[in-house]
Amino acid sequence: MNVSDSEAISGILASAGYLSVDDIENADLIIVNTCAVRDTAVSKVKAQICRFKPLRNRKKIKIAVAGCLAEHEGESLLKDLPIDYVIGPDRYKFLSELEGGVRVSVSSTDDENGFYSGFSPVRKKGVNTWVQVMRGCDNFCSYCVVPYVRGRERSKPSKDIIREIEGVVSEGFPEVTLLGQNVNSYKDGDLRFHDLLRHIDKIKGLKRVRFMTSHPKDLSDDLINCFGELSTLCEYLHLPVQSGSDKILAAMNRGYTNKDYRLLIDKIRKRVPSIALSTDILSGFPGESDEDHALTLQLVKDIGYDAGFMFIYSKRKGTKAASMEEQLKREIKVARVNEIINVQMEITKAKNSQCIGNIEEVIVEGVSPRNPSKITARTRTFKNVILDGTASEVGSFLTVRVTGSTGWALEGEREGV
Ligand code: SAH
Ligand code: SF4
């Protein structure tokens with residue numbers, strides 16, 4: 001979401017006549033787009049901003065803090081950091097006025113829908129590009145700062161989404177990832193997310209569609225039925241579970257149980273047995289006991305995700321969980337998250353080994369950073385395949401046979417060559 005927002009920021013500034021520079025020494029303005037979801041992200045970005053201080057003094061460069069940290073900490077950042085402007089995620093329209101010295105206030109009011117529809121994002125060249133279908137979140141998971149810093153849920157009109165995707169296809173992108181904090185609650189009048197996918201599937205020239213993030217409580221049968229039916233929709237689903245304990249899921253306000261989640265996965269796999277699945281796990285939520293942790297580990301083992309993103313619970317100011325008693329010690333949280341990461345690492349390796357022998361359609365994404373005679377390509381299931389090739393092939397579709405696995409990535413050879 002932040003990469004996509006940065007592209008929107010670049011588009012807004014480009015339309016106001018700003019140019020981007022390769023060397024930061026030549027900049028007049030540095031915009032630091034930030035995340036506030038975890039404390040580590042916040043500490044890192046603050047340390048980075050402090051490193052800009054000598055440059056700011058020497059070159060009179062202005063610095064703006066954008067994004068969720070701007071919204072979360074607001075004007076106090078002007079006191080705490082060597083910066084000039086603070087601008088929240090729904091206020092980027094005012095970025096071009098910053099030069100005039102306007103210090104834009106931060107707030108998630110609903111007079112701004114935040115879609116910046118009058119501006120074209122400056123998209124990073126490549127195979128995949130991002131298309132925001134909704135912004136904000138109404139779920140209020142008790143640990144999460146997103147609803148406070150990104151405001152209420154808003155869906156982009158479907159006709160604007162279709163037009164945007166037609167535009168990116170004509171720019172040469174074969175793949176889009178539809179973005180929203182909870183795409184399953186997308187709503188444009190009577191049109192829901194699964195209807196949107198069906199419309200998008202008809203766009204000429206578009207080859208692949210992915211979306212994130214889905215909330216398990218809202219994953220409808222209509223949406224599940226799109227898998228395996230719509231030719232553009234890739235067989236990959238990111239479905240964050242967060243915890244395997246019903247007690248913790250309830251305290252997190254997630255709206256489903258361990259059993260509900262397992263039934264949902266069964267249903268999805270029955271529909272598309274080859275689907276790749278990934279998850280987010282939040283370890284060390286207040287009050288999480290050894291038994292709760294064991295339930296999460298068991299769930300991770302039983303589901304057998306292709307990939308997982310594991311996070312240590314981080315207390316966020318203003319959230320319900322921040323005031324819960326029984327905040328856990330850091331050592332416990334770290335030990336638990338490491339245990340889950342290690343279990344998932346083994347599962348990912350085993351899953352990748354099972355792919356050996358498969359024939360896969362891949363899109364070439366780039367040259368391997370480790371070996372210039374190799375290229376990296378992506379399967380529909382979001383796995384990376386490394387094979388012989390050249391930079392000129394970026395964007396082309398190949399049929400490959402998976403010949404091996406490095407653990408994280410697959411190795412392959414062209415089929416029929
Ligand atoms: N809307 C998406 C993503 C939200 S943020 C969703 O619901 O899945 C991405 C991930 O960050 C979450 O899935 C959660 O695992 C993690 N996260 C959110 N708040 C956190 C916190 N306070 N501490 C640690 N991780 C957190
Ligand atoms: Fe945060 Fe929950 Fe909304 Fe995701 S669904 S952004 S975790 S509040």
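The values are calculated or read from the model by the stated rules, or taken from the named source; none is laboratory data. As the structure is a computational prediction, the values presented were derived from the model and not from experiment. Glycine gets a Cβ as well: all are built from the backbone with ideal geometry, and neighbour counts include every protein chain shown. These area figures cover heavy atoms from the full protein model, side chains too; ligands, DNA and RNA do not enter into them. Shrake-Rupley method; radii C 1.70, N 1.55, O 1.52, S 1.80 Å.
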**Prompt:** Length gain on complete extension for the stretch S76 to I203, per 0.36 nm per residue less the alpha carbon to alpha carbon distance?
**Reply:** 41.1 nm
**Request:** Return the long-range amide H neighbours of L410 (sequence gap of 5 or more, or a different chain), with a cut-off of under 5 Å between placed amide H atoms.
**Result:** N384, V385, I386
**Asked** What per residue convex hull volume, in Å³, do the alpha-carbon atoms of segment 307-417 yield?
**Response** 144 Å³
**Fill in**
Checking segment 300-339 for trypsin sites (Lys or Arg not before Pro) in a loop per DSSP with at most 13 other beta-carbon atoms within 10 Å yields K317, K329
**Prompt:** Which distance in Å, rounded to a whole number, links the C-alpha centroids of segment 272-292 and segment 307-334?
**Reply:** 14 Å
**Request:** Set the Förster distance to 30 Å, then compute FRET efficiency between N342 and F140 from the Cβ-Cβ distance, nearest 0.05.
**Result:** 0.40
**Message:** Can you give the log10 of the normalised intensity I(q)/I(0) at q = 0.06, 0.11 Å⁻¹, computed with Debye over equal Cα scatterers of the chain?
**Reply:** -0.26, -0.95
**Fill in**
In Å², rounded to a whole number, the accessible area per residue of segment 113-353 with probe 1.4 Å is 43 Å²
**Message:** If the reach is capped at under 16 angstrom between alpha carbons, list the aspartates and glutamates near K159, excluding any in the same chain fewer than eight residues apart.
**Reply:** D188, D190, D195, D201
**Message:** Out of the trypsin sites (Lys or Arg not before Pro) in segment 362-417, which ones are loop residues according to DSSP with at most 14 other C-beta atoms within 10 Å?
**Reply:** R370
**Message:** With n ≥ 4 as the cut-off for DSSP H runs, can you work out [θ] at 222 nm for the chain, using -39500 (n - 2.57) per run divided by the number of residues, rounded to the nearest 500?
**Reply:** -9500 deg cm²/dmol
**Asked** So who's got an amide H within less than 5 Å of the one on L233, skipping anything under 5 residues away but keeping other chains? H placed 1.01 Å off N, in plane.
**Response** V209
**Complete:** HN-Hα couplings for segment 173-182 via Karplus (6.51, -1.76, 1.60; θ = phi - 60°), in whole Hz with x for Gly/Pro, come out as 7, x, 9, 10, 10, 7, 10, x, 5, 8
**Prompt:** Ignoring ligands, DNA and RNA, what percent of the 1.4 Å accessible area of the chain is carbon and sulfur?
**Reply:** 51 percent
**Message:** Looking at the calculated P(r) for segment 271-349, what percent of the C-alpha pair distances fall above 20 Å?
**Reply:** 37 percent
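Which FRET efficiency, nearest 0.05, do S353 and D260 yield, Cβ-Cβ r, R0 25 Å?
It comes out at approximately 0.25.
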**Asked** Once amide H atoms are built 1.01 Å from N in the peptide plane, which residues 5 or more positions from F309, or in another chain, come under 5 Å H to H?
**Response** T279, D280, I281
**Message:** Taking θ = phi - 60°, what integer Hz values does the Karplus form 6.51 cos²θ - 1.76 cosθ + 1.60 yield along segment 387-400, in sequence order, with x for Gly and Pro?
**Reply:** 8, 5, x, 10, 4, 5, 8, 4, x, 7, 8, 10, 9, 10
**Message:** Rounded to two decimal places and with Rh computed the Kirkwood way over Cα pairs, what is Rg over Rh for segment 2-112?
**Reply:** 0.93
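I need the fraction of alpha carbon pairs in segment 359-414 separated by more than 16 Å, rounded to a whole percent.
Counting every Cα pair in segment 359-414, those more than 16 Å apart make up 28 percent.
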**Prompt:** Using the Kirkwood radius built from alpha carbon pairs, what does the Stokes-Einstein equation give as D for segment 113-353 at 4 °C and 1.567 mPa s, in µm² per second?
**Reply:** 68 µm²/s
**Fill in**
Checking every Cys Cβ in the chain against the others at 4.7 Å leaves as unpaired C35, C50, C68, C137, C226, C234, C355
**Asked** How many nm separate the modelled label positions at R330 and E171, each set 7 Å beyond the Cα in the direction of the Cβ?
**Response** 4.1 nm
**Karplus-derived 3J(HN,Hα), 6.51/-1.76/1.60, for each residue of segment 128-134, Hz, glycine and proline x** = 9, 9, 9, 10, 6, 9, 8
**Message:** Could you give the length gained by full extension between D190 and D22, i.e. 0.36 nm per residue of separation minus their alpha carbon distance, to one decimal place?
**Reply:** 55.9 nm
**DSSP loop GluC sites (Glu not before Pro) with at most 10 other Cβ within 10 Å excluded, longest remaining stretch of the chain** = 1-324
**Prompt:** For segment 359-414, with every protein chain kept in place, what is the accessible area per residue (1.4 Å probe, Å²)?
**Reply:** 49 Å²
